[in-house]
Amino acid sequence: MARYLARRLLQLIPVLIGITVVVFLLLHLVPGDPARTLLGVRATPARVAALDREWGLDKPLPVQYADYVGRLLQGNLGTSIFYEAPVSQLLATALPVTLGMLAMGTAFGIAIAVPLAILAATRAGRLSDQLIRIIPLVGLGMPPFWVGFILLIVFGLTLSLLPVGGYGQTFPQHLVSLVLPALTVAFVMAPILIRSMRASLVEVLRSDFITAARAKGLSRWRVLVRHGLRNTLIPAVSVLAVNLGYLLGGTVIVENVFGLPGVGHLLLSGIFDRDFDVVQSVTLVYALLVVVINLAADLAYARLDPRVALAS
């Protein structure tokens with residue numbers, strides 16, 4: 001296990017280097033000047049040149065990149081030119097919002113997908129199965145922002161059950177504010193989970209070892225949970241990990257629909273404000289989260305199925 005984790009962490013180094021290079025070049029090659037964006041109508045050549053010198057933007061790109069990497073190696077993510085605060089401080093405030101929304105959305109998605117997948121698989125070919133199989137077909141065609149707007153209109157504006165935006169001031173208010181964004185994440189995630197789990201469970205329930213378990217006189221529920229569901233968890237974990245990586249990018253849209261002060265909102269504002277340090281740091285955080293999710297999925301494989309060996 002230790003060798004496996006060490007190897008995966010070493011593999012992370014070239015990935016992060018590549019990300020820093022690509023993001024740095026994209027940000028600096030796109031037309032636009034952070035100084036002009038910040039100064040607005042007060043922008044004059046002298047003021048713009050002064051800010052460029054202060055921020056080091058007048059240096060050649062290789063020198064700017066070397067300075068950026070040097071700061072990273074010292075644990076310095078830079079300072080936001082728009083918020084005038086350390087980027088690490090901004091991330092410390094925004095990251096719990098995004099992680100909380102993803103965690104709650106994942107819990108909602110699993111709570112929706114697992115019962116429906118079980119019902120469809122145990123009644124394969126019947127009307128209930130056909131109706132449940134329509135959900136992935138419809139759900140996969142719904143973009144996250146559209147789902148978010150529908151939930152906002154129904155539960156926020158029409159029924160007035162949940163807040164339509166913001167994050168609140170207290171912990172209970174934070175949880176309530178995350179319900180609609182988390183449901184948006186769940187409704188985007190659940191259709192793929194339902195399809196994957198149903199297909200795997202139908203195949204497992206037709207296996208010889210399931211027939212043998214039933215012949216031993218085990219109850220239907222025990223056969224389903226202990227022998228059936230357990231053997232469908234590995235493909236389900238794979239689908240869940242891929243979806244979480246995909247939904248990390250979707251948080252940019254979801255957070256802005258509901259006005260959440262998360263990492264996605266921070267990224268979008270950094271792009272509009274040409275806030276280089278913010279965009280580069282948030283992109284690195286996203287990359288690290290994707291790697292952590294995939295690593296957790298690999299470890300879960302070995303935990304769920306002893307036959308899966310971690311390559312050393």
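Laid out as a table, the results:
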{"read-out": "Yes/no for Gly270 being touching a Pro at 6+ places or on another chain (Cβ under 6 Å) and not hydrophobic (A, V, I, L, M, F, W, C)", "value": "no"}
{"read-out": "Complete set of residues in region 55-85 that are of a type outside the set (A, V, I, L, M, F, W, C) and surrounded by fewer than 16 Cβ atoms within 10 Å (Cβ to Cβ)", "value": "Gly56, Asp58, Lys59, Pro60, Pro62, Asp67, Gly70, Arg71, Gln74, Gly75, Asn76, Glu84"}
{"read-out": "Cβ pairs under 8 Å, 6+ apart, first in region 38-65 and in contact (Cβ under 8 Å) with a residue 40 or more places away in the chain and of a type in the set (Ser, Thr, Tyr), second exposed (fewer than 13 other Cβ atoms within 10 Å of the Cβ) and part of a helix (DSSP H, G or I)", "value": "Tyr65/Val21"}
{"read-out": "Flag if Leu102 is surrounded by 18 or more Cβ atoms within 10 Å (Cβ to Cβ) and either assigned by TED's automatic domain parsing to the domain that holds Thr251 or touching an Asp or Glu at 6+ places or on another chain (Cβ under 8 Å) (or both)", "value": "yes"}
{"read-out": "Given (1) farther than 29 Å from Ile194 by Cα; (2) surrounded by fewer than 19 Cβ atoms within 10 Å (Cβ to Cβ); (3) hydrophobic (A, V, I, L, M, F, W, C); (4) under 31 Å from the mean Cα position of the chain (by Cα), number of the condition Leu95 does not satisfy", "value": "(1)"}
{"read-out": "Qualifying residue in region 274-285 (condition: farther than 27 Å from Val114 by Cα, of a type in the set (Asp, Glu) and buried (at least 18 other Cβ atoms within 10 Å of the Cβ))", "value": "yes"}
{"read-out": "Residues of region 112-127 that turn out to be in a helix (DSSP H, G or I) and surrounded by 15 or more Cβ atoms within 10 Å (Cβ to Cβ), as a count", "value": "10"}
{"read-out": "Test: residue in region 266-285 that is over 30 Å from Leu38 (Cα atoms), assigned by TED's automatic domain parsing to the domain that holds Ser177 and polar (S, T, N, Q)", "value": "no"}
{"read-out": "Single condition Leu267 does not satisfy, out of (1) modelled with pLDDT under 85; (2) out of contact with any Phe, Trp or Tyr (no Cβ under 7 Å at 6 or more places or on another chain); (3) in a helix (DSSP H, G or I); (4) crowded, with 19+ Cβ neighbours inside 10 Å", "value": "(1)"}
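The values are calculated or read from the model by the stated rules, or taken from the named source; none is laboratory data. Everything quoted here is computed from the prediction, not taken from an experiment. For neighbour counting, all protein chains shown are included, and Cβ atoms are generated from backbone atoms with ideal geometry for every residue, glycine included.
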